[in-house]
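Below is one structure, written out as structure tokens; comments come after it.
The values are calculated or read from the model by the stated rules, or taken from the named source; none is laboratory data. Predicted, not measured: the structure shown is a model, and the values here were computed from it. Virtual Cβ from ideal backbone geometry, glycine too; neighbours counted across all protein chains shown.
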Amino acid sequence: MRMFFDIVGQTLRTLWAHKLRSFLTMFGIAWGVGSLLLLIGLGEGFRSGNVRELNQIGQDIMFIFNGQVPAQEGSTTGSRPYWLTYQDWQDIDREVTSIRASAPVVQRGDIRAVSEFANANGQVFGIKPAYNQIRFLPMAGGRWLNEEDETHKRTVAVIGYEMRKNMFPGRPALGANILLNGVQFQVIGFLDTTGKDEGNATNQRVFIPYNTMQQYFPLKADTLPPNAVSFINYQPLTREGHITARDDVLASSPATTALIGAMKMHSRNGTPSAARKWSARSSMP
């Protein structure tokens, strides 16, 4: 025991005899530990912030976008546009068992919205009722689109937070009518704000039934096939199964299978593939 106290005493006397060196040594240790904790905190804060931002889009979301395929079968040069269609979504919805929800989207940004009080420009989305199960769309009033709206091609709309503020400043929007390129729609619901600021694109959107969108505002281009869609959203059964879901979705229809073949062919030849512009992407926080 005496030896222990002698060692402690000698240590304290040595530290006191070299006060500056001892202080700098302890300061260096404290600085290193503090810097490490700060970096860990910053990294965790950044990760948590990204998760929150992605959750404002929705959880476990995956996308399929339009793209390009070889101009001729077997060709490694030249390409032509490929558009997803409603039939592609039907194949996915019917055949793929590794996903829990899916929805086609027709999107246009050239439709003018007019109310009794103001005009506004925004995006009009034609969607299926299941869309709000995939994307984060908090309702602030009214109701969401349902199967009856879809089946009967009702001219009803759910509007985003900013769209409501712009078109109905200080006035009730629920039950009011708006004109989309001259076609009258009744507002049956409106969304709460999404994202950390009001500039989020979802806040400036108008959502109408998919069949109504295809009737009044289909996508416009000379080379478009019938019932072309802008993109398809879907969710895997589990987050860990998103690779399986992606592969099953891409293999669910002859058209998407052809696209996979195009991408593999370009990969084998070592050339950049325009077909890769067509892709399945995910938002998996």
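Here ASN200 meets the list (1) modelled with pLDDT of 85 or more; (2) touching a Phe, Trp or Tyr at 6+ places or on another chain (Cβ under 9 Å); (3) on the phi < 0 side of the Ramachandran plot almost entirely, failing just condition (1). Taken together, the residues in segment 146-182 that are assigned to a loop (DSSP other than H, G, I, E, B), basic (Lys, Arg) and over 20 Å from ILE127 (Cβ atoms) amount to 1. Take PRO104 and decide whether it is assigned to a strand (DSSP E or B), touching a Phe, Trp or Tyr at 6+ places or on another chain (Cβ under 8 Å) and not hydrophobic (A, V, I, L, M, F, W, C). Yes: the conditions hold for PRO104. For segment 109-145, a residue qualifies if it is closer than 19 Å to ALA176 by Cβ and outside any strand (DSSP E or B), and the qualifying residues are ILE111, SER115, GLU116, PHE117, ALA118, GLY122, ARG143, TRP144, LEU145. The sole residue among ARG154, ARG205 that is in contact (Cβ under 8 Å) with a residue 40 or more places away in the chain, crowded, with 17+ Cβ neighbours inside 10 Å, touching a Pro at 6+ places or on another chain (Cβ under 9 Å) and over 13 Å from GLU116 (Cβ atoms) is ARG154. Scanning segment 131-151 for residues that are farther than 21 Å from GLY195 by Cα, surrounded by fewer than 22 Cβ atoms within 10 Å (Cβ to Cβ) and touching a strand residue (DSSP E or B) at 6+ places or on another chain (Cβ under 8 Å) returns a single hit, GLU150.
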